[in-house]
Amino acid sequence: MKISELPRRVLIALGLPVVLIALWWFASAGSTSFFWPPLSTIVEAFPETWTADPWLHDVLPSVARLLGGYLIALLVGVAAGTAIGRSRTLRALCEPVLEFFRAVPPPVLVPVIALFAGYTGSTSKVLTIALGCLWPILLNTVEGVRSLDEVLLDTARSYRLGRVATLWHVVLRGSSPRIAAGARQSLSIGVILMVISELFGANRGLGASIVQFQRSFAIPQMWTGIILLGLLGVVLSALFRLVENRSLAWYRGQRDAERER
Amino acid sequence: MSDTIALDVAGLAKTYRSPGRDVEAVRDLTFQIRRGELVCIVGPSGAGKTTLLRCIAGLLDLSGGQIRLDGTAVTEPPAGMAVVFQEYGRSLFPWLTVRGNVELPLKEKGLAKAARAAKVAEALDAVGLPDSADAHPWQLSGGMQQRVAIARAIAYEPSVLLMDEPFAAVDAQTRADLEDLVRTLWKRLGVTVLFVTHDIDESVYLGQRVLVLSNRPTVVLEDVPVDLPDDRDQLTTRSSPQFTKIRTHVYELVQSAKRGERPEVR
Ligand SMILES: Nc1ncnc2c1ncn2[C@@H]1O[C@H](COP(=O)(O)OP(=O)(O)OP(=O)(O)O)[C@@H](O)[C@H]1O
Ligand SMILES: [Mg+2]
């Protein structure tokens, strides 16, 4: 990417959102509908709704649970996925079970976990997020490890790379594009589960707040919560892209090089 | 006598088994290579040259026979052996730079950073790629990638070097340079070299012996000694009558191998 391209890219990235916000602003400007307040009202409600207390007791705990569950899923998914992808026996053993769990929609987990772990504390929420995020990461890791080029593995073997070096420099690096694809899917699943996990029982959290506002007919406040949730998604996705751009630059380059051939 | 034998291939057989289709690639190969020898292998395409090399490299399970390296049976990739794969492009790690690719096996060998850097620079210099250390393999042409694979092998300073058509993708001039490089390194390091090639002239120019393989299922058709002087030169050696005589003989052998001719059953 050249420097001169940067302003252009920023313009393109911001163009549509700006247009949409403007549309919303003007379309809702004279609105007297209770459920569809003017955007100006929502913007005014924002600072008074999200003061220090809700930040500290709703937003940050939600985000912490999301990141905690997501990181657990990432660690377990990559570790288990690598083990399964490397071993034919393990794969044959696990494949039907994995297919089954993949087919179960993550929100269904919530009542099941509630049954076992109760649904008031943080543990069960983190567990829900972790379990929901696990499958895309796990299955993609298995696929990535399995589709590693044989010649690369033979090269590692013939130069007698040790187990750790092979795992680190060859297996994980080689399957990182697939792992990243799974991790990206899981990120949006994680945000959804963060909200859903807060809907049961008396709770605090970003998702719980939105529902509370809605139930108490605090409609502009509800909208501020939804906007905050959307912004959280954007920030997480941008962070993800930042990591991806650094660690998968080789993959992009290789793909582009192949396309040009 | 037996202590000078580096590589002893006895009755090697390899059949690829897959559901519904067995391919008998190598039937019965027996030959020996002395320590420090440079032997070329030629044979028709699909004869099983790559299969043979991968068996020697300890990357394939044998279906029969035995391979011994310095007296011990090869059951896994042996220490001190480097392989330049025919699929050179796929043997380079795309996430590492050229330097990283050459350096990784040295790291694993436990070399210190400074020593590694020196060896990497020296090897890249030898193959004519001193300026490409920071490029990634996919930014290089096929011939350059092949030279990176060669650089990685020579930086490793193996005692046995297996090369599978290592010059297939390079241009004629680079090819001549690399041929001389292999001979120079071979002489300097005393490494045992097994060199597979399609190019009959190359096999005669490089080798002390040329093993001609038959069609599949493969046996050794003939073991041709190359009695050319040790000091070889692209111009004079290749135009000498002795060179022409040997290359004609090997050429005829390969032709007859392609027609399916086989040595008498022993
Ligand atoms: N993994 C495999 N599974 C099944 N058959 C294989 C496999 N690898 C090679 N073969 C078969 O074994 C035979 C020998 O293959 P090999 O690659 O050793 O030939 P080669 O002499 O190296 O050919 P070339 O000169 O074209 O590289 C071929 O008929 C090939 O189809
Ligand atoms: Mg081959």
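The values are calculated or read from the model by the stated rules, or taken from the named source; none is laboratory data. Bear in mind that the values here come from a model prediction, so they are computed numbers and not experimental data. Methodologically, a virtual Cβ is constructed for each residue, glycine included, from the backbone with ideal geometry; neighbour enumeration extends over all protein chains shown.
Structural remarks
- Residue under evaluation residue B:40, criteria (1) within 16 Å of ligand 1 (Cβ to nearest atom); (2) surrounded by fewer than 18 Cβ atoms within 10 Å (Cβ to Cβ); (3) in contact (Cβ under 8 Å) with a residue 60 or more places away in the chain, criterion not met: (2)
- Test for residue B:49: is it within 16 Å of ligand 1 (Cβ to nearest atom) and buried (at least 16 other Cβ atoms within 10 Å of the Cβ): yes
- Residue check, residue B:135 surrounded by fewer than 18 Cβ atoms within 10 Å (Cβ to Cβ), more than 28 Å from residue B:205 (Cα to Cα), away from chain A (no Cβ under 14 Å) and not hydroxyl-bearing (Ser, Thr, Tyr): no
- Pairing residues of segment B:153-165 that are more than 10 Å from chain A (Cβ to nearest Cβ) with residues that are of a type in the set (Ser, Thr, Tyr) and within 16 Å of ligand 2 (Cβ to nearest atom), at Cβ distances under 7 Å and at least 6 apart in sequence or on separate chains, gives B:164/B:50; B:165/B:197.
- Residue among B:175, B:152 that is among the basic types (Lys, Arg), at pLDDT below 95 and assigned to a helix (DSSP H, G or I): B:175
- Condition check for residue B:69: more than 13 Å from ligand 2 (Cβ to nearest atom), within 14 Å of another protein chain (Cβ to nearest Cβ) and buried (at least 22 other Cβ atoms within 10 Å of the Cβ): yes
- Subset of segment A:138-164 that is more than 7 Å from every other protein chain (Cβ to nearest Cβ) and β-branched (Val, Ile, Thr) - its residue that is nearest to the chain's Cα centre (by Cα): A:141
- Among residues of segment B:85-118, those that are more than 19 Å from residue A:171 (Cα to Cα) and more than 12 Å from chain A (Cβ to nearest Cβ), counted: 9
- Flag: residue A:71 does not match the condition of being more than 20 Å from residue A:193 (Cβ to Cβ) and at pLDDT 90 or above.
- On the stretch given as segment B:1-23, residues that are more than 22 Å from the chain's Cα centre (by Cα) and either outside any strand (DSSP E or B) or within 16 Å of ligand 2 (Cβ to nearest atom) (or both) total 6.
- No other residue among B:82, B:47 is touching a Leu at 6+ places or on another chain (Cβ under 6 Å), within 14 Å of another protein chain (Cβ to nearest Cβ) and under 30 Å from residue B:201 (Cβ atoms) apart from B:82.
- Filtered residue count, segment B:216-261, keeping only those that are part of a loop (DSSP other than H, G, I, E, B), out of contact with any helix residue (DSSP H, G or I) (no Cβ under 9 Å at 6 or more places or on another chain) and not hydroxyl-bearing (Ser, Thr, Tyr): 5
- Residue list for segment B:50-78, restricted to those being within 17 Å of residue B:5 (Cα to Cα) and among the hydrophobic types (A, V, I, L, M, F, W, C): B:56, B:57, B:67, B:69, B:73, B:74
- Per-region count, segment B:91-140, residues free of Cβ contacts under 8 Å to residues at least 24 places away in the same chain and in contact with a Leu (Cβ under 6 Å, 6 or more places away or on another chain): 3
- Residue in segment B:223-233 that is surrounded by fewer than 16 Cβ atoms within 10 Å (Cβ to Cβ), of a type in the set (D, E, K, R) and in contact with a strand residue (DSSP E or B) (Cβ under 6 Å, 6 or more places away or on another chain) present: yes
- All positions within segment B:79-89 that are within 13 Å of ligand 2 (Cβ to nearest atom) and closer than 20 Å to residue B:139 by Cα: B:84, B:85, B:86, B:87, B:88
- Restricting A:90, A:39, A:6 to those that are farther than 27 Å from residue A:226 by Cα and more than 27 Å from the chain's Cα centre (by Cα) reduces the list to A:90.
- Some residue of segment A:158-172 being among the aromatic types (Phe, Trp, Tyr) and farther than 16 Å from residue B:90 by Cβ: yes
- The helices (runs of 4 or more DSSP H) found wholly in segment A:76-150 and carrying at least 2 residues that are more than 25 Å from residue A:171 (Cβ to Cβ) and in contact with a helix residue (DSSP H, G or I) (Cβ under 6 Å, 6 or more places away or on another chain) occupy A:109-117, A:122-146.
Rundown of residues vs (1) more than 16 Å from residue B:38 (Cα to Cα); (2) buried (at least 17 other Cβ atoms within 10 Å of the Cβ); (3) more than 16 Å from ligand 2 (Cβ to nearest atom), yes/no style:
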residue: B:204; (1), (2), (3): no, yes, yes
residue: B:208; (1), (2), (3): no, yes, yes
residue: B:247; (1), (2), (3): yes, yes, yes
residue: B:263; (1), (2), (3): yes, no, yes
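- Test: residue in segment B:172-189 that is away from every other protein chain (no Cβ under 14 Å) and either in contact with a Gly (Cβ under 6 Å, 6 or more places away or on another chain) or within 16 Å of ligand 1 (Cβ to nearest atom) (or both): no
- Checked against (1) within 28 Å of residue B:108 (Cα to Cα); (2) within 16 Å of ligand 1 (Cβ to nearest atom), residue B:69 meets all criteria but (2).
- Test: residue in segment B:52-65 that is away from chain A (no Cβ under 14 Å), within 14 Å of ligand 2 (Cβ to nearest atom) and closer than 26 Å to residue B:198 by Cα: yes
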